[in-house]
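Step one of this worksheet: look at the structure below.
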Amino acid sequence: MNPLEKKISTAPSVAAIVESIVGCKWSLAVLAQIRAGTSRPGELERAIDGLSKKVLNERLRKLQRYGIIDKRSYAEIPPRVEYSITPFGQRFGVLLDDIERLQSEVDDPATESALFINVGSEGFG
């Protein structure tokens, strides 16, 4: 097996990535800020109340590991780092937007009955 095949076979599934990101309020907050254009770690830390530097760095590494964001380091004094959304991250963001839209529909009393009209009588199976 060549190294590329090994990398592909050990990559987490999109479902596992969704579970990991959606299940973590800090990952969602960091990703939302980067999608909104905040790219530097100090800006991210200041923009998200209650987020420690340690947790921020853990979440940034996780988002990088999943291929959702890229890190760019500049050889300057003082050093500068910026994060940006990858093409996969843009597609992943659309998925998160769809989840948020669905939740809004579920929370809206006007659409709730239309969404669940048959669940009570037929179940999910």
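Every number here is computed from the coordinates shown, using simple stated rules; none is lab data. This is a predicted model, so every value here is computed, not measured.
What the table shows:
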{"item": "Set of aspartates and glutamates near Lys62 by C-alpha distance (under 14 Å), chain-local residues within fewer than 8 positions excluded", "result": "Glu19, Asp70"}
{"item": "Alpha carbon Rg of segment 14-107, scaled by the compact-globule rule 2.2 N^0.38 Å", "result": "1.11"}
{"item": "Segment Ser13-Glu76, extension gain: residue separation times 0.36 nm, minus the distance between their alpha carbons", "result": "19.0 nm"}
{"item": "Gain in span if fully extended, Thr86 to Val55, counting 0.36 nm per residue against the direct Cα distance", "result": "9.0 nm"}
